[in-house]
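The values are calculated or read from the model by the stated rules, or taken from the named source; none is laboratory data. Just so it is clear, the structure is predicted and the values come from calculations on it, not from any experiment. Note that we place each Cβ from the backbone using ideal geometry, even for glycine, and neighbour counts take in every protein chain shown. Surface accessibility is based on the protein's heavy atoms, side chains included, excluding ligands, DNA and RNA. Shrake-Rupley method; radii C 1.70, N 1.55, O 1.52, S 1.80 Å.
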Amino acid sequence: MNKRIRVGFIGCGEVTQLLHLPTLRELPDLFEVTAFHDVSAKALNGTATAWPEASRHSALESLVADKQVDAVVIANPDAWHADTALMAMRGGKHVLIEKPVCVTRDEAEALLTAEGECDVIVQVGYMRRHAPAFIEAVQALRDRSEPTTLARVCDIIGPNASYVDSTSRIVARADDIAKDVRDAGLRKLACAYQSEIGVDSGPLARAYGLLLGLASHDTSVMRELIGTPSGVLYAKQHQGGRWITAAFDYGEFVCHLEVGLDQITRMDAKIEVFQPSRVLRVEFDSPYIRHQAAKLVTTRTVPPFGVSTSTSFPTRNDAFAAEWRAFHEHIVQGTPPKCSIADATEDLKLFREMIALMR
């Protein structure tokens, strides 16, 4: 069924301008952009200019009440994700919420309760799990004839600006937000950090922010590909919370995690699964350069003494496009998304355990 879903955007920053809106231009049979909201008038009006038929809302409540909106994208700052999602769900809107789903487990519980009370679809923005090559890897690992002996997840990236500034154009940056509004957001985030991990600043807080942001992609793909670990064996933050290493317990094997931020213009993001005669590796590239397909690299033994390596990607279909197609399918068919609130809450549980080991 090609029912067009009318979409309102809550937050008009980089992710909205460079990733989601270009994707929806490619899916006009499935989606129609009908509304925008941002606390920055500059970002709101600059972004909405290219969508003249869409309404502009300076107040969040106004967009949620808009009868021309069926679903909302929550792309505002992390501290406001839970409050915004609760308002949207209670307003009868379907929700695509950018990661992290929220900051604290208490917020996650509130979201789960509201989801149970509201007849809406809520999908969390883990786009890597919709990449065709990743789906191919999941299917390949359904063959349990060989045991897994080791897994490894790596996500080391340079500044996003090094991609954005050389390949894209931000039509409007939110540099006009009043100081009291910015300060309120910072206080809210600090209070959430204090509630969840016992500190609101410093290396441990930066490490938690890195977990909620970049590393949530990694733990999410890890859990789908090889399952949820029984526990965290080791976790440490380095370089003032900008680098994290960890080891997860899978009983018969261990999965190592390496996450870090540097100044090199590249994205070294992958998950590898080792078996006695096969290694599967899914490689991801920066989403800010669109239509770079995730790749599945398979290394096999070739008896009696050889090795073969193959690289595949079923399609160059962008992971964000696949994510949006899945969102549409769930709304139209009423099916639950795999990247659900409950699913994302499993990441928050792992992060809390990791932070405890970093103290």
Solvent-accessible area, 1.4 Å probe, carbon plus sulfur percent, for segment 119-273: 52 percent
For segment 164-173, Karplus couplings with θ = phi - 60° (6.51, -1.76, 1.60), whole Hz, Gly/Pro x: 4, 5, 9, 10, 9, 9, 7, 6, 7, 9
Difference of contour (0.36 nm per residue) and Cα-Cα distance, Leu150 to Phe305: 53.6 nm
Theoretical gain in end-to-end length, Gln68 to Ala41 [0.36 nm per residue, Cα-Cα removed]: 7.6 nm
Spatially near lysine pairs across the chain, Cα under 19 Å, sequence gap of 8 or more or different chains: 13
Local electrostatic count, Trp243, Cβ distance below 14 Å [Lys/Arg +1, Asp/Glu -1]: -2
Mean projection area, nm², convex hull over Cα of segment 2-62: 3.9 nm²
Counted charge near Leu86, where neighbours are those whose Cβ lies closer than 12 Å (Asp, Glu -1; Lys, Arg +1): -3
Isotropically averaged projected area of the chain, using the convex hull of Cα atoms (one quarter of hull area), nm²: 18.4 nm²
Gaussian network model of the chain, Cα within-10 Å springs - most flexible of Asp106, Asp183, Asp83: Asp183
Rounded Å value of the spacing that divides the Cα centres of segment 53-79 and segment 240-293: 34 Å
Where only C-alpha atoms are counted, convex hull volume of segment 205-349 per residue in Å³: 161 Å³
Loop-located GluC sites (Glu not before Pro) in segment 1-109, at most 16 other Cβ atoms within 10 Å (DSSP): Glu26, Glu53
Theoretical gain in end-to-end length, Ala190 to Ala140 [0.36 nm per residue, Cα-Cα removed]: 13.8 nm
Size descriptor, Kirkwood hydrodynamic radius, that averages inverse alpha-carbon separations across segment 1-131, Å: 14.8 Å
Mean Cβ count within 10 Å, highest first, over the residues of peptides 304-313, 276-285: 276-285, 304-313
Projected label distance in nm at Thr228 and Asp29, using a 7 Å step from Cα toward the beta-carbon: 3.8 nm
Using θ = phi - 60° and Karplus 6.51 cos²θ - 1.76 cosθ + 1.60, couplings along segment 294-305 (whole Hz; Gly, Pro as x): 4, 10, 9, 10, 10, 10, 10, 7, 10, x, x, 9
Two-site label geometry, Arg266 and Lys236: point separation in nm, points 7 Å out along Cα→Cβ: 2.5 nm
Trypsin sites (Lys or Arg not before Pro) lying in DSSP loop within segment 1-80, provided at most 15 other Cβ fall within 10 Å: Lys3, Arg4, Lys67
Å² per residue, accessible surface of segment 220-359 at 1.4 Å: 46 Å²
